[in-house]
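Beneath this line is the structure, given in structure tokens, with notes to follow.
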Ligand code: HMG
């Protein structure tokens, strides 16, 4: 049985900080953000928003767009790493909010959990729900998988340059108009790591930035190799002499903690895949330098990062490689459109990969390309750490779903925050009722109880 994504709803908060202004305020060259990291704006939540109401807003949008009633939904999963309760799952809050619109107990028949594994958990939720559908358990109903996060780092830290917020709701069923997942090829890798983590009670993560960059690349490469084995064994891709598996993946979407990570990851994966192929010799000749190798043959992350001579040569090699016509061709045709959304919005943690997919669909469609039958490959990464690589094929009904997609109109009119407003919100110095924007047709957080017997209970309101 087929299973895949039928439609996508997004909700992005309308407050933002401008990357160039922000860089200046932090004494950083604006070019580092705009060119080095690929960030122009970062979406920020208002005082009356939390990850649960972002998720409910995204669900409501996709349900309204498709005229769905709660009866059409069999499962509602929320994947997040911005959880605010150790026990009560975020999907229960979302159901509570949706029932304000659709009526009390209207979702009673529905099941679901909150999933956690940093940014990769949404991909595990998609996989589990696709298998629920494939197993014939859905009885004609849809699953909603919502990825929702607020990427928030300490003031003044290097992570502060890579923030963002938003939610994406994906509607899954057995006759998807948008993308049908390739079956039996989903591949994963996993390792106990401390590249990025957020201990209980801490609002912002502890991050080892350069370590996390390299670990991301290694983990995704490991998962891609496992995907390759499965795809060849399943016969969905057949390689001829001198070909790479990436030649058969029309579009690539990567987890995007910042937009340029997509380019970095693509370069790393392409180098790994092409290295053993005849085409590599020609590329090395063009670049004019041999590909550097680390001194320590064990190649642990610590030893690679500590090998400053290798790191600097490898950096130089990567820069030259990414300028070659061969790489530029892969970059422009397979990934560039997926990076636009991230540049406008920033890091959405669990939702970043799917914002990339959404962005690719919109901007490739605008080019007039017929996407039917094209294969999308997904490289998902979550710190801590695990990667997942999977793929799917764009379906004949895709045009109906994506013809009206427009990120700018879907976000709506945005308001730029001053540095003072941003810092007040970031440091929780502004009261909940001192919100900057008044949203229409959306859920907002109105209260968090403080009396002992109700401590932590949240109340939401639908601004109709
Ligand atoms: P950093 O040390 O501030 O920056 O850390 P950098 O020195 O690496 O510079 C960044 C880029 O800007 C480099 O480009 C510089 O050359 C360039 P690259 O060489 O890599 O192509 N640059 C400039 N370009 C033009 N003009 C200039 C200039 N200066 C520098 N003047 C880092 C950056 C991303 C590590 C930091 O922001 C950070 O720690 N962020 C948070 C962690 C993170 O995003 N890690 C990514 C991988 S792990 C992951 O994705 C998981 C995550 O999403 C969490 C989860 O799974 O839950 C984070």
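Side notes on the structure shown:
- For a label point 7 Å along the Cα-to-beta-carbon line of residue 449, residues of the range 101-117 with backbone N under 16 Å: none
- Remark: the range 412-455 is approximated by an ellipsoid whose semi-axes, taken from the C-alpha gyration tensor as √(5λ), come to 24, 17, 6 Å, largest first.
- Relative packing of peptides 328-334, 26-32, 146-152, 170-176 - highest average C-beta neighbours within 10 Å first: 146-152, 170-176, 328-334, 26-32
- Estimated from helical segments only, the mean residue ellipticity of the chain at 222 nm is -11000 deg cm²/dmol, where each DSSP H run of four or more residues counts as -39500 (n - 2.57).
- Peptides 290-301, 157-168 ranked from most to least packed give 157-168, 290-301, packing being the mean of other C-beta atoms within 10 angstrom over each peptide's residues.
- Take every DSSP beta bridge whose two residues both sit in the range 237-389; close to 50 percent of them are antiparallel.
- Principal-axis tilt of helix 352-366 within the chain, Cα atoms, nearest 10 degrees: 80 degrees
- Cα centroid separation - the range 309-377 against the range 80-147, whole Å: 29 Å
- Taking 0.36 nm per residue of sequence separation and removing the Cα-Cα distance, the residue 137/residue 280 pair yields an extension gain of 46.7 nm.
- Size check on the range 297-366: the Cα extents along the three principal axes, sorted descending, read 45, 31, 20 Å.
- Among beta bridges that DSSP assigns inside the chain, antiparallel share in %, nearest 5: 75 percent
- The Rg/Rh ratio of the range 120-276, with Rg taken over Cα atoms and Rh as the Kirkwood radius over Cα pairs, comes to 0.99.
- On Cα atoms only, tilt of 90-102 relative to the major axis of the chain in degrees: 50 degrees
- If you plug the beta carbon distance of residue 295 and residue 154 into 1/(1 + (r/R0)^6) with R0 = 35 Å, you get a FRET efficiency near 0.55.
- Hull shadow area, averaged, the range 328-464 [alpha-carbon convex hull, nm²]: 12.8 nm²
- The chain - Debye-derived log10 I(q)/I(0), Cα point model, q = 0.07, 0.10, 0.13 Å⁻¹: -0.34, -0.72, -1.23
- Sequence-distant contacts, meaning Cα pairs under 8 Å at least 6 residues apart, place the relative contact order of the chain at 25 percent.
- By average C-beta atoms within 10 angstrom, highest first, the peptides 382-389, 84-91: 382-389, 84-91
- Distance from the range 208-252 to the range 385-464 (C-alpha centre basis), Å: 33 Å
- In degrees, nearest ten, helix 121-134 long axis to first principal axis of the chain (Cα): 80 degrees
Where a number appears in this text, it was derived from the coordinates with a stated rule and is not lab data. In this text, all values refer to a predicted model and were calculated from it rather than measured experimentally. Virtual Cβ from ideal backbone geometry, glycine too; neighbours counted across all protein chains shown.
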